[in-house]
Amino acid sequence: MRVGILSYAMLFQRDSGLQLQVRSTIAALRQLAVPGLEVELVDTNRQRLDRYDVLHVFSAINGNVRVVELAHELGVPVVLSALLAPGWSRSAGWRAGVAEQLTGRLTRWNVQTSYAQTKRALQLAQLVIAADEAEQDALIDGFKVAPARIHLLPNGVAERFFAADAQAFRRHTGLDGPFVLMAGSIAPYKHQQDLTRMLATPELPVVLLGHARRQHQAYLQGLVAAPNVRWLGQLAHQDPLLASAYAAASVLVLPSQGEAFPLPVLEALATGTPVVMADDSPLHLPGSGFALKQLRWSDTAALRLAIQALVATPPPRAAVSALVQDFAWRRAALKIADCYQLLYQRRQHGAGHAV
């Protein structure tokens, strides 16, 4: 069974969580060494889609509807990892549907809304992957995807995060005491500045890990100008120092205005480090309230209090890590491979277009 994995054309032109997810999925599937399973990244400039038995498309937006449409025409079944933005409720879907109809009528159906394109991609895919129950609800309520076509498969966390050692990062930085870690891209919508100014003290420094694009360099300079704030640049995901940084931190903070499915949160929890983040995210871990605080992104005072409480009374690291044991990459890869096999068997029996 030959499986082709692809996403939008510009994905690998910059570092992103989705880029990491695609590469990690391919690596984890190859490590399974399932007999007969061949997985590769599709080069659409050189390879035809019909040379594959199954396609796995990451993201229902960014023009990927055209990939799903072509696969449908060619009879190649598609697994679609939806990766929806938070907030798709029944009412939001209804409003988007009204806008879709109005746009179509005003333009004689020559213009499509992004909602219409996303909905069509979801309709044509034989199987849709949701990362958690919140995304599953968004698919059903906001886009009317039949529950039978949705498979709940959390993103994977590499094993090295579960076995991370804090000492390497402490030796590298000289940080011996508690500190707050903010990991990810550095930009105004990430809401790092106000919280950093309120938090950073000699007793509780703030460490920033991440890349700031050219238009956000002034924002970065404003952050590092504050006392007791350290920016260490961006660490490659494979760099052992990244896992060590998560393990060494007293708390990971992700106060951005919205996150589709924040992998740094899962990785930090895997190392045993608690997390404070904005609540505008589909991430939901039952029984995690002792280690995962999800609050309104604009409520800086509440975020600060939650951070200080976790620093003062850290939860047991083993209990924190246990929250995400089911997210280990091998387990996730096995479930993804089962999805491929299901669609492959359907195609062999002439049911490749069942929806």
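Rule-based calculations on the coordinates, nothing more; no lab input. Fair warning: this is a prediction, and the values are worked out from it, not measured in the lab. We place every Cβ from the backbone using ideal geometry, glycine too, and count neighbours over all the protein chains shown.
Here are some notes:
- With a Förster radius of 56 Å applied to the beta-carbon distance between residue 215 and residue 349, the computed FRET efficiency rounds to 0.60.
- In the chain, Cα pairs under 8 Å separated by at least six residues give a relative contact order of 18 percent.
- GNM remark for the chain: springs join alpha carbons under 10 Å apart, and the peak mean-square fluctuation among 298, 321, 281 falls on 298.
- Taking every alpha-carbon pair under 8 Å whose residues sit at least 6 apart, region 1-101 reaches a relative contact order of 32 percent.
- Residues whose placed amide H lies under 5 Å from that of residue 56, excluding near-sequence neighbours: 4, 5, 6, 79
- Taking only the C-alpha atoms of region 91-230, Rg followed by Dmax gives 22.4, 65 Å.
- Residues of region 123-167 with amide N under 20 Å of a point placed 7 Å along Cα→Cβ from residue 98: 141-144
- In this label model, residue 91 and residue 228 are separated by 4.2 nm, measuring between points 7 Å along each Cα→Cβ vector.
- Gyration tensor verdict on region 80-136 (Cα atoms; rounded if a/c is under 1.5, prolate if a/b is larger than b/c, oblate otherwise): oblate
- Beta bridges assigned by DSSP with both partners in the chain are antiparallel in approximately 5 percent of cases.
- Cα-centre dipole for region 18-110 with unit charges at Cβ (Lys and Arg positive, Asp and Glu negative), debye to 20: 380
- Restricting region 72-116 to trypsin sites (Lys or Arg not before Pro) that sit in a DSSP loop and have at most 15 other Cβ atoms within 10 Å of their own Cβ leaves 108.
- Taking a ≥ b ≥ c as the square roots of the Cα gyration tensor eigenvalues, region 1-55 comes out oblate, since a/c reaches at least 1.5 and a/b does not exceed b/c.
- Listed residues 25, 179, 44: farthest to the positive end of the dipole of the chain (Cβ charges): 44
- Structure-based [θ]222 nm, the chain - -39500 (n - 2.57) summed over DSSP H runs of at least 4, per residue, nearest 500: -12500 deg cm²/dmol
- The relative contact order of region 93-153 comes to 32 percent, based on Cα pairs under 8 Å that sit 6 or more residues apart.
- With the simple spin-label model, which puts each label point 7 Å out from Cα in the Cβ direction, the residue 334 to residue 167 separation comes to 3.3 nm.
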